[in-house]
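Written out below as structure tokens is the structure these notes cover.
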Amino acid sequence: MKIFCIGRNYVDHAKELGNQVPSEPLVFMKPPTALLKNNKDFYYPTFSKNIHFEVELVIKIKKNGRSIQQQFAGGYYDEIGLGIDFTARDIQEKAKEKGHPWEKAKAFDFSAVISDFIPLETSALESGIEFHLEKNGKEVQVGTSKDMLFNIDTLICHLSRYFTLQTGDLIYTGTPAGVGPIKIGDKLEGFLQKKSMFTCQIK
Ligand code: ZN
């Protein structure tokens with residue numbers, strides 16, 4: 001399976017990091033070894049001093065497809081989850097400066113927290129699926145699917161021009177504003193429509 005991630009898909013977040021708003025989806029990937037499931041602890045890696053949380057809606061692909069037209073994209077997913085795209089911001093900044101790839105900053109082991117998936121009415125995305133992240137019981141990020149620059153159907157259409165989508169592939173759809181650092185001892189908890197979806201203890 002593949003894990004796609006979308007960068008700068010919320011205008012507020014692109015601006016908070018001083019990035020331009022993209023004219024087409026910014027895509028990167030994580031390997032399956034990045035997944036952190038079942039509320040497991042996250043161990044702060046030794047190679048970074050500035051790991052950031054990014055809470056994101058995650059779509060699971062339910063059938064294979066390539067070059068999917070936008071009007072048929074809704075047939076390729078019916079479940080949604082919530083995750084964190086952990087990012088080694090210090091490594092990413094260096095990579096961006098030099099124009100180097102982002103893998104070491106984004107695709108490292110256990111950098112992709114993922115909740116269980118729940119059924120999704122595709123129309124719900126347009127009216128707005130709300131999600132938020134709490135750090136140590138305090139809300140740090142809040143977002144709604146309505147604010148995505150590129151909606152899910154557009155992402156599926158775009159991704160499938162380049163990559164065959166396969167059953168079980170995941171799409172991390174980007175993070176709203178409010179990203180920030182974690183430290184050992186922190187506890188993160190993600191909520192979808194006010195329902196707790198995951199917890200993650202930083203060790
Ligand atoms: Zn992200």
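The values are calculated or read from the model by the stated rules, or taken from the named source; none is laboratory data. Quantities reported herein were computed from a predicted structural model and do not represent experimental measurements. With ideal geometry, Cβ positions are generated from the backbone for all residues, glycine too; neighbour counts draw on all protein chains shown. The accessibility values were calculated without ligands, DNA or RNA, using every heavy atom of the protein model including side chains. Shrake-Rupley method; radii C 1.70, N 1.55, O 1.52, S 1.80 Å.
I need a count of the residues in region 161-203 that are among the aromatic types (F, W, Y) and either open to solvent by 10 Å² or more (accessible area, probe 1.4 Å) or part of a loop (DSSP other than H, G, I, E, B) (or both).
The qualifying residues number 3.
Considering every residue within region 4-12, establish whether at least one is in contact with a His (Cβ under 6 Å, 6 or more places away or on another chain) and within 16 Å of the ligand (Cβ to nearest atom).
No.
Return only the number of the condition from (1) open to solvent by 10 Å² or more (accessible area, probe 1.4 Å); (2) in contact (Cβ under 8 Å) with a residue 12 or more places away in the chain; (3) part of a loop (DSSP other than H, G, I, E, B); (4) more than 14 Å from the ligand (Cβ to nearest atom) that H100 does not satisfy.
Condition (2) is where H100 drops out.
I84 passes all but one of (1) part of a strand (DSSP E or B); (2) within 23 Å of C157 (Cα to Cα); which number fails?
Result: I84 passes all but (2).
Kindly list the number of the only condition in (1) farther than 24 Å from Q20 by Cα; (2) modelled with pLDDT of 95 or more that fails for S127.
Result: S127 fails condition (2) only.
For region 28-66, enumerate the residues that are away from the ligand (no atom under 16 Å from the Cβ) and basic (K, R).
Selection gives K37, K40, K49, K60, K62, K63, R66.
For region 25-73, give me the residue count where each residue is outside any loop (DSSP other than H, G, I, E, B) and surrounded by 15 or more Cβ atoms within 10 Å (Cβ to Cβ).
Within region 25-73, residues that are outside any loop (DSSP other than H, G, I, E, B) and surrounded by 15 or more Cβ atoms within 10 Å (Cβ to Cβ) number 21.
Does region 190-199 contain at least one residue that is closer than 18 Å to E121 by Cα and without any contact (Cβ under 8 Å) to a residue 12 or more places away in the chain?
Within region 190-199, one or more residues are closer than 18 Å to E121 by Cα and without any contact (Cβ under 8 Å) to a residue 12 or more places away in the chain.
I'd like the residue in region 131-147 that is in a strand (DSSP E or B) and open to solvent by 20 Å² or more (accessible area, probe 1.4 Å) and, out of all such residues, is nearest to T46 (Cα to Cα).
Ranking the qualifying residues of region 131-147, first place goes to K135.
Can you spot a residue in region 108-124 that is farther than 20 Å from L35 by Cβ, buried (at least 18 other Cβ atoms within 10 Å of the Cβ), more than 15 Å from the ligand (Cβ to nearest atom) and small (G, A, S)?
no
Can N151 be described as open to solvent by 20 Å² or more (accessible area, probe 1.4 Å) and either free of Cβ contacts under 8 Å to residues at least 40 places away in the same chain or in contact with a Pro (Cβ under 9 Å, 6 or more places away or on another chain) (or both)?
Spelling it out, N151 is indeed open to solvent by 20 Å² or more (accessible area, probe 1.4 Å) and either free of Cβ contacts under 8 Å to residues at least 40 places away in the same chain or in contact with a Pro (Cβ under 9 Å, 6 or more places away or on another chain) (or both).
Restricting attention to region 67-89, and to residues there that are over 18 Å from F150 (Cβ atoms) and away from the ligand (no atom under 16 Å from the Cβ), which single residue is farthest from the chain's Cα centre (by Cα)?
G75
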